[in-house]
Amino acid sequence: GQQVMQIPQYQHVQEGEDFTTYCNSSTTLSNIQWYKQRPGGHPVFLIQLVKSGEVKKQKRLTFQFGEAKKNSSLHITATQTTDVGTYFCAGSWASGGSYIPTFGRGTSLIVHP
Amino acid sequence: DTEVTQTPKHLVMGMTNKKSLKCEQHMGHRAMYWYKQKAKKPPELMFVYSYEKLSINESVPSRFSPECPNSSLLNLHLHALQPEDSALYLCASSQYTYNEQFFGPGTRLTVL
C-alpha cells in the first residue's frame, strides 16, 4: 500500500530552539493532514494542506506542502514545553475515491527547559 | 458539540471474554473509524464506515467485529482476544473521508 515516510523519529531540543519534521510520499498526494498527540492523549487535528506549494501558519507553527505535492513539513519556531508530543502527518491519495489518510510514523518532540 | 466520546476509558478482559467498545459523535459526520494504537506507534486503521456502511476492513481478524447502529454510534465487539491485542483503541469521525478527523480519547484495552 501507499506510505508516508516521516523523519526524524525523535527530536530533542532546548526550549527556544526551532523544530522541523518532514513527510515524504513517493506518489502525488491529494492532501496532507497534520495531527499532534500529547503524551497519554489522542491525536488532535492541526491543519490540512491541499494546494501545491501551500504554506499555512498557526502562531509559531508553519506548515508547507511541496510544489509536487509529494512532501510536507511542519516547522515550530522557538519551541516551548507545551509543544511536547508526537506530530503525525497523514497523507491521502485519490485511489478508489476513498481519500482515507495514512499516518506517518510520527516525530516525537522532547523539549528540555 | 464537537466531541467524540468513547466508553469505557479502560478495559481489562480475559481471552475468553466478550466485550464491546462504544463510540458516539453528534457532529453529523458521515464517516467513522476504528484505529488501534500501540505505544510509540502511529494509529493503525482497522475499519471505516461511510454513511453507516462498512467501506474498509484492513484485514482485521474476525475476533474484532464492528457495528454501526446509526449515524452517531459506532461499536467494536471483541471476542476471544489475544494478549497482543492490548492497545489503545481510538474512534474517530469526519464529515467525509477526505476531511479532518476528530478523535475520541480512546479505550485502553488490556487482554490477560
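Every number in this text was worked out from the coordinates using simple rules, so none of it is lab data. Since this is a predicted model, take the numbers as computed values, not measurements. Note that we place each Cβ from the backbone using ideal geometry, even for glycine, and neighbour counts take in every protein chain shown.
The table below gives the values:
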item: Positive-end residue of A:Gln9, A:Asn31, B:Gln37, charge dipole of the protein assembly as shown with Cβ unit charges; result: B:Gln37
item: Hydrodynamic radius of the stretch A:1-72 per Kirkwood, over alpha carbon pairs, in Å; result: 13.5 Å
item: Partners for A:Lys56 among lysines (Cα-Cα distance below 29 Å; same-chain residues under 8 apart left out); result: A:Lys36, A:Lys69, A:Lys70, B:Lys40, B:Lys41
item: Eligible lysines near B:Lys53 by straight Cα distance, threshold 23 Å, same-chain separation 8 or greater; result: B:Lys19, B:Lys22, B:Lys36
item: For chain B, fraction of C-alpha pairs farther apart than 25 Å, in %; result: 14 percent
item: Loop-located trypsin sites (Lys or Arg not before Pro) in the stretch A:1-83 whose Cβ has at most 13 other Cβ within 10 Å (DSSP); result: A:Lys51, A:Lys59
item: Cα principal axis extents for the protein assembly as shown, largest first, Å; result: 50, 41, 34
